[in-house]
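Down below is the structure, laid out as structure tokens.
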Amino acid sequence: MFENLEAQPGDGILELMGLFRDDPRPGKIDLGVGVYKNAEGVTPIMRAIKTAEKRLWEVEDTKSYVAPTGAPEFLEAMAGLVLGDAIDRDRLSYAATSGGTGAVRSGMDMIGRANPDATVWVSDPTWPVHWAILRQVGQKHRPYRYFDPATRAVDFDAMMADLDGVARGDVVLLHGCCHNPTGANLTLPEWQIVADHLSERGALAFVDIAYQGFGDGLEQDAAGLRLIAASLPEVIIAASCSKNFGIYRERAGCIIAISEPGQSRDLTQGMLSVLNRNSISFPPDHGARLVSMILNDPALRADWQDELEGIRIGMLDLRQSLADALRARAGSDRFGFLADHRGMFSRLGATPEQVQHLRDAFGIYMVADSRMNIAGLNKATIPVLADAIIATGI
């Protein structure tokens, strides 16, 4: 029977990780994998996580299942983190998921159950797994233009021109902040225009927020999402704890569904429970438990926010330093967009051949579309990268 399986295309990022691992050159630089690293090249465990883990070890007395939709204290804490006071809690349904990816999958499954004829509109470019999940669930989907490769900024006019094709009942997938792979974000006035447009069209927004706190700050990074949530009757949110809590392997995330005012949320909550039951039965709890402990303890929360802010400022410093180094070498500000982008990623604007040359000649690894992880840099590697970019003719 297995001989009937179709060969699947390889995952470009996983393949890149293997190539980097096998490269014997001592000065190689990994800008491919989408994981935060400090100046020593380590993905650290945050202080508040270590403290919470120790406390949990001391008091936890069972490893039995949690509820099918996860621990209520985690879900309520995440709703507060993501939405603040933008939405009445009686409009919310939610479920813990296996990371942010699991939340995206549950959201797409729910769309298919609610409206199999809906078209899901996705930014071009986007995180490739968005496309993979849509293909897997069989939901209709279309791209909308988002990124201008010439300016390396959001092409908002083109985006809105494409979204003129959105029909009633369609879904528009938006990145909450720190757009992956480009690093180019909508402004708050642009978020309002998008919200008004979707409201007029009777469309639903699906916001994937995976990097809250990595861009302009915890509150600022959620501002666009909160505006959307306050403007539309129905919204789906996929939230991840992997990056801002540094618990990638714990797979902590959640899906939040906002229902129309006055509408019973029981149907939506019941669907989220069934989707969990039929896919993972019960969600993982360890990472979610740590997150809820931190968010509900003022001292732990303050320490977490302080360390997260240090991470955010560090990435902004790296961006500015790289932009400055390239300005000095290029004699122009054509790489100034690097300082304007937010989050871990920027799309450099190199061709696949130039990306290949960076790898072959300089041991610098990035994804073929020239998405690079700014957090993979440090003060010592910034001049090396800047020299290589100019030498490659980018």
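Things to note:
- As an equivalent ellipsoid, the range 212-280 spans semi-axes of 24, 21, 6 angstrom, where each value is the square root of five times an eigenvalue of the C-alpha gyration tensor, largest first.
- For the range 46-80, the list of trypsin sites (Lys or Arg not before Pro) that fall in a loop by DSSP and count at most 14 other C-beta atoms within 10 angstrom reads Lys63.
- Exposure proxy order (Cβ contacts within 10 Å, fewest to most) of Trp191, Trp127: Trp191, Trp127
- Applying the Kirkwood pairwise sum to the alpha-carbon positions of the range 1-142 produces a hydrodynamic radius of 19.8 angstrom.
- Rg and Dmax of the range 65-296, based on Cα coordinates, read 16.4, 51 Å.
- Cβ-based exposure ranking for Glu53, Glu309, in which fewest neighbours within 10 Å come first: Glu309, Glu53
- To the nearest ten degrees, helix 352-362 and the longest principal axis of the Cα atoms of the chain are 60 degrees apart.
- Using the empirical formula 2.2 N^0.38 Å as the baseline, the Cα radius of gyration of the chain reaches a ratio of 0.99.
- Fewest-first ranking of Ser259, Ser264, using other Cβ atoms within 10 Å as the exposure measure: Ser264, Ser259
- If the segment from Ala361 to Asp90 were pulled out straight at 0.36 nm per residue, it would be longer than the present Cα-Cα gap by 91.8 nm.
- Estimated from helices alone, the mean residue ellipticity of the chain at 222 nm is -14500 deg cm²/dmol (sum of -39500 (n - 2.57) over DSSP H runs with n ≥ 4, per residue).
- For the range 114-205: rounded, prolate or oblate by the Cα gyration tensor [a/c cutoff 1.5]: oblate
Every number here is computed from the coordinates shown, using simple stated rules; none is lab data. Worth saying up front: this structure is predicted, and the values here are computed from it rather than measured. Note: ideal-geometry Cβ built from the backbone for every residue, glycine included; neighbour counts use all protein chains shown.
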